[in-house]
Amino acid sequence: MAYWSPRASSQMSGMSTPYWTPLPTPVVHKPRSEWTPFETKMVELDQIKRVALMHLKKLNSLKGEYMEWFNKKYQNFMDAIKTVQSIVPNLVPREIHTIGDFIQTYSMCQKLRKSGKFIYCSEKLDEYNAFWEQFCDIKREGELVVYARVCEYCDSITRLREPEMKEKIDELQELLDNEICETFNFKGIHNEREHLYTYRLAIHDQRFLGLVRYLPHLLKYAARICYIVTKLHVEKE
């Protein structure tokens, strides 16, 4: 006989999904060799949920680190970009509307840094670029250990209790894949929950609004995927 054992939960700080979600844990009171196909699939899903929860914690940790950086250093970061744009306007984008624009600006700073110029500016851009690269690594990991495993699992069962949840996961993954590309224009990103960035930036710095809230925007998609995964249930035939 199998039953579900709920765990404690709390809210994930600063994000639209819980940091710790009730994780249903299958407990099968008989030797593994005697498990039914349903019980085997139930345990397999539980293992995927555990991985998703661990991945969610990584995303939450990155969000917390980014918010701490933003609260302390966002002005120095934007001033560094403005300095580069004003001194070498023909070598870097005049406006940063995509992550590709930022990478181009950062790459130019790195080249000029080797000649002893823009050292301070380059160091400030280093910080944001480190967050970007870390998120890309975590996103690639999530595709393999969470999303791919969920897809493989769903293909191996008759149906989920709520099939629309898998559709939502697919939708979020597609959005994440489309919007992480270097040509995605993040100027129009808007999220009522992320007004902090609007309030903190001065009027003359509003042109950097898309850049500073781009990572939290992508983190929201990735975290939501993990959260929904922890809510999946296999339907017993």
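The values are calculated or read from the model by the stated rules, or taken from the named source; none is laboratory data. Just so you know, these numbers come straight off a predicted model, no measurement behind them. Neighbour counts are summed over all protein chains in view; Cβ atoms, including those assigned to glycine, are modelled from backbone coordinates with ideal geometry. Ligands, DNA and RNA are stripped out before the accessible areas are found, and what is left, the full protein with its side chains, is counted by its heavy atoms. Shrake-Rupley method; radii C 1.70, N 1.55, O 1.52, S 1.80 Å.
Given (1) part of a helix (DSSP H, G or I); (2) among the small types (G, A, S); (3) open to solvent by 40 Å² or more (accessible area, probe 1.4 Å), identify the lone condition not met by G116.
(1)
Need pairs with beta-carbon distance below 7 Å; first residue part of a helix (DSSP H, G or I) and within the stretch 127-140, second open to solvent by 50 Å² or more (accessible area, probe 1.4 Å); sequence gap 6+ or separate chains.
Cβ pairs passing all conditions: E127/K73; I138/K58.
Considering F77, F38, which residue is open to solvent by less than 60 Å² (accessible area, probe 1.4 Å), in a helix (DSSP H, G or I) and modelled with pLDDT under 90?
F38
Conditions: (1) assigned to a helix (DSSP H, G or I); (2) modelled with pLDDT of 95 or more; (3) of a type outside the set (D, E, K, R). T183 meets all but one. Number of the miss?
All conditions are met except number (1).
Run down F184, F118 and say which single residue is free of Cβ contacts under 8 Å to residues at least 60 places away in the same chain and aromatic (F, W, Y).
F118
Would you be able to tell me the number of residues in the stretch 64-104 that are touching a residue at least 24 places away in the same chain (Cβ under 8 Å), more than 15 Å from K124 (Cα to Cα) and touching a Ser or Thr at 6+ places or on another chain (Cβ under 8 Å)?
Of the residues in the stretch 64-104, 4 are touching a residue at least 24 places away in the same chain (Cβ under 8 Å), more than 15 Å from K124 (Cα to Cα) and touching a Ser or Thr at 6+ places or on another chain (Cβ under 8 Å).
Considering each of R94, R140 in turn, give the residue that is closer than 30 Å to H233 by Cβ and open to solvent by 50 Å² or more (accessible area, probe 1.4 Å).
Exactly one residue qualifies, and that residue is R140.
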